[in-house]
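Structure first, then comments.
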Amino acid sequence: MEKEDLKIVNKGLDDEMELSGYRLCRWKLVLVGFCGLCTGGFLFLVLYWMPEWCVKATCTRTTVRDADVALLRSTDEFKRWFRARIRIMLAPGKDPYDNLASQTASPQASDHTHNPSDSASEKISRNPEDQHKRYFTLHSTKYFWNDSIQNFEVLTGLEDLSMTCASIHSKHSAGLNKNQQEYRRFFFGLNEIDVKVPSLFKLLIKEVLNPFYIFQLFSVILWCTDEYYYYAMAIVIMSVISIATSLYTIKKQYVMLHDMVATHSTVRVTVYRGENETEEALSTDLVPGDVIVIPSNGTVMPCDAVLVCGTCIVNESMLTGESVPVTKTDLPNPQRDKKGGDGDVIYSTEEHKRHTLFCGTNVIQTRYYTGEMVKAVVVRTGFSTAKGQLIRSILYPKPTDFKLYRDAYLFLLCLVAVASIVFVYSLVMKIINEEPVKDIIVKSLDIITITVPPALPAAMTAGIVYAQRRLKKVGIFSISPQRINICGQLNLVCFDKTGTLTEDGLDMWGIQRAEDVFVSCMATCHSLTKIEGQLSGDPLDLKMFEAIGWILVESTEEETAHHDRIELTYVKPPNQLLPPTVTSPEQDLESYMIGIVRQFSFSSALQRMSVVVRQIGQRRMDAYLKGAPEVVASLCKKETVPEDFAEVLEDYTKQGFRVIALAHRRLESKLTFHKVQNINRDQIEKNMDFLGLIIMQNKLKTETPGVLEDLRRANIRTVMVTGTEKITSVSTLSFERIHGALSDLKLCRIFLFTYFVGMCGDGANDCGVRDLKILLSSSFHKTSCFLRVSHMLFLHREGRAALITSFCVFKFMALYSIIQCLSVALLYSIGSNLGDFQFLFIDMAIILLIVFTMSLNSAWKELVAQRPPSGLVSGPLLFSVLTQILICLGFQIMAFFLIQKLDWYSEPDDVNTTLFFVSSFQYLIVAIVFSKGKPFRQPSYKNCKDEPFSKKSECSLHCLHSSQIVCVPLSWRLSVMGIVLGNTLVSVFIEEGVDMFGTKCLSWLCCRQKKVPKARYMHLAQELSVDPDWPPKPKSTTEAKPTAHPDDCSYQIEAIS
């Protein structure tokens, strides 16, 4: 690609691409059309398969700004090419966020259709000053030309404006008028995730134009020309069945995905128009900047929106897989703080997810206050939403980057090279024999068709299909069956801790109490709520609250409608915990009730949460804080933290306990209810009094030690990815031999990009790597709600068995092609060839029978330290294939020359019969040789009880009839059996020798011992093994230091060397 006008779109993202511009060229189009007709349409097929060639063959290079066609190439390791047609639409502005309050024109575009429900008065005529807006669409995403940056860009939503939290409240909380909404809709389109279901005709054309089926079509035509009608008809029937099955599966998947997305995709919403005016509209009309009212009875979110008023209880299991409802609060507004609005930050859906309602999530219930509605500003719509991006990843997945599949194409090219040699040999022999030109061309091309066996795709997937069935029996389902093979190469497994390696919930083990208000903190500092009368929330909060036996009281909808934004949630002790002096009058009981005035939600970045509360009957309020011990201690006054705090904390964490610290602060009397609603949390979470520690116990599952030990023996690295404090995480699993705990994003990415990684549980969420496509956790799921670590052993074993099966089948299919090529080439030299029924018998009765039988081997009963090879292009594997080719060639040539020296030899059919029987046994021999059992698969003899093809094979033998097969003397039959027996012994002996000594011999010949390992993690390990400073030894201690402000009594924990 030329560099002078090369643009980068989606820079820094997973779908980053290089973009270059082209303009259609008429004379090139005419020339390509003429050449395509001259080649019988083959050129059109090549250009269809190669988008880069198509664009360069029909267009000339130009600037991106003036281009008619965009040629894009992904910058990842796959380097995929895409082409897109650049279109033009008319709009009265350059930017979707232009202020159109005074505009009287509405944009129009050829590709946009208005909602039929819109009235004619709402559609304004075109303005003569409308501007041309250039764009193209790729993978359900529109890219618009931006003059300021001289490049195409994606309009995702309000985040394009880099808004601050304060600006969302001040500039976007009033909503849009109809004119602005209509204008923005031309840029963002309708708010819908449209999964189009292709017609059967389109799917058929796409499937038929696959290179494999084009090759099959060429082969069938060639066979019919050579009068192989029965064989051609059988291949056509097989291909039709394969295409029909594939079309049915693809169509069904599209329909299922469409139905899943269409559910709740179009709902009625209430749009806020400012000054308390609302109107009903369809969710498809929403655009970024609209303000919607969340109904009190809940709804399924049709877009991504940020809460600006009110509170919502949301079930986000569709996105996160966590069934525990979460509380979403309104976005903080720093400008409401009278001290100047410090702490204002740029809004981000990821950073402010506690205040963002995501598309597809279910809002269970809301809370609203006097004169206010629960409102949210639409941030993203359509495919830009969280749900839309998930659907896009399903519709347009990245190719599976696995060495086996890359090597498979290289291996096929090697077979084509071998076939080319035989092709030249056959061509020369037929010219020497002075055969007709037609026979020379047809017979020589027939050699090429033998190279790619018709049953190759079915053969390569057979092992995966059988492995998938065996996984289903233990309740493991795969949505990406090809990844089963990748399981066979895993050398690192990352486990989530809570609920995966350990039990699902935490148990209260004890407390370290320092203050009397400790219980009040446990009763109020949480995010629990009631859904249909049942307590719901974070499991840790539930355990903590249930341990003290208090009661949570929430106001009803009728009560919230008559109250302001304070004290809508109360907690109170049960009657049996009250002092004996308290009687039943309500005024006495109310003095023990505590109202939650404001809640600062838990932040994983801050590692804490806090609440502001007021006890009934008192004017001053209190603040309670809960979080990681080190963080809480750093926010407390130094004199309130026990001197042995660090020692006690280390003691508990080393025992594997989960430790939570609590703190309290008596707030100033000048803080009123309304001031608390507008104050920044930094003003609350300081100068706290340390209360004590809550010690939670998270027990290991009974099966965890055994599973980890099995993985260790198999030389598979085990790592725990968790958000829990590191010392606690490591201590939980240190006699279990787990290698470490990861909660840092950079470390996670290093591991994930240098190993073959499998992830068990949702630990990827803790380290922020949910977007990585190599993770196996997204490809396998359990029907049961309980995840078991033992399922990783099933995946490992079945993955290794499926991978070895793929190698065995591919090696067998390669030998099958070469053996048949050799037989045909030898027969060509005497003017003969295999007959129609002979080819049919070999492919149907022998090859299919062997392929599906050798794929039945189940996984070996235990994992071993030895790992299967990762690719076909490896020394031992290629040496194995090469030696078997030479052995088969040698014994075929032996039989070929021996029979021609016998006295009774009279016709070429005698040689045909001999080579047919020898080659037929050679297929069986190489199948036996390549079908290895231990240490990755069960032995092949166990397949006898599951063999469904034996009767069919017997029937096929009786049905075999070919004019080329003749009766030969008994003595020669015995000689043929001797040749076959000798072939078997030599093949088995050589293959065993390759398995035992092949790798060592090749390493010695190639001096591989001195080579640097290719894998990055192995290279790093080699360097660290000779590094005298590794591993680093701890040389620091933890000390408390006061802050720089003299009026601030808190201190910070620091590591001192």
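The values are calculated or read from the model by the stated rules, or taken from the named source; none is laboratory data. Values in this document were obtained by computation on a predicted structure and should not be read as measured data. Reconstructed Cβ throughout: ideal geometry from the backbone, glycine too, with neighbour counts over all protein chains shown. Calculation scope for accessible area: heavy atoms of the full protein, side chains included, ligands and nucleic acids excluded. Shrake-Rupley method; radii C 1.70, N 1.55, O 1.52, S 1.80 Å.
Details
- Accessible area of segment 228-353 belonging to carbon and sulfur atoms, whole % at 1.4 Å probe: 56
- Per atom type, segment 797-904 shows carbon and sulfur on 69% of its accessible surface, probed at 1.4 Å.
- A simple spin-label model places pseudo-atoms 7 Å from Cα toward Cβ; at K196 and E351 they are separated by 3.8 nm.
- Loop sites in segment 599-674: GluC sites (Glu not before Pro), DSSP, at most 10 other Cβ within 10 Å: E643, E668
- Entry comment: accessible area of segment 880-939 is 40 Å² per residue, from protein heavy atoms only and a probe of 1.4 Å.
- Length added when fully stretched, E435-K670, from 0.36 nm per residue minus Cα-Cα: 73.7 nm
- Karplus 3J(HN,Hα) series, Hz, for segment 77-86 with 6.51 cos²θ - 1.76 cosθ + 1.60 (x for Gly, Pro): 6, 8, 6, 7, 9, 9, 10, 9, 8, 7
- For the pair C967 and K178, the difference between a 0.36 nm per residue extended length and the Cα-Cα distance amounts to 275.0 nm.
- Distances between placed amide hydrogens fall under 5 Å for V374 paired with I294, all partners being 5 or more residues away or on another chain.
- Dimensionless Rg over Rh [segment 126-192; C-alpha; Kirkwood]: 0.99
- Average accessible surface for segment 587-717: 44 Å² per residue, computed with a 1.4 Å probe over protein heavy atoms with every protein chain in place.
- Inter-probe distance in nm under a simple model that places probes 7 Å from Cα toward Cβ, at R469 and E16: 4.5
- For E503 and S601, a Förster radius of 22 Å and the Cβ-Cβ distance give a FRET efficiency of 0.25, rounded to the nearest 0.05.
- Using a probe radius of 1.4 angstrom, the carbon and sulfur fraction of the accessible surface of segment 374-442 is 69%.
- D68 long-range amide H proximity, modeled H, under 5 Å: Y22, R23, L24
- Note on E862 and L924: their simple-model spin labels are 3.5 nm apart, each label 7 Å out from Cα toward Cβ.
- On a per residue basis, segment 224-284 carries 62 Å² of accessible surface, using protein heavy atoms and a 1.4 Å probe.
- Maximal additional length on extending the V236-E207 stretch stands at 9.0 nm, based on 0.36 nm per residue less the C-alpha distance.
- Protein-only accessible surface order, largest first, of I441, I447, I551 at 1.4 Å: I441, I551, I447
- Enclosing the Cα atoms of segment 21-65 in their convex hull gives a volume equal to 50 cubic angstrom per residue.
- Ratio Rg/Rh [Cα only; Rh per Kirkwood] for segment 208-316: 1.42
- Efficiency of FRET from Cβ geometry, T320 and I531, R₀ 22 Å, rounded to 0.05: 0.80
- Built amide H within the under 5 Å cut-off of A859, gap 5+: Q938
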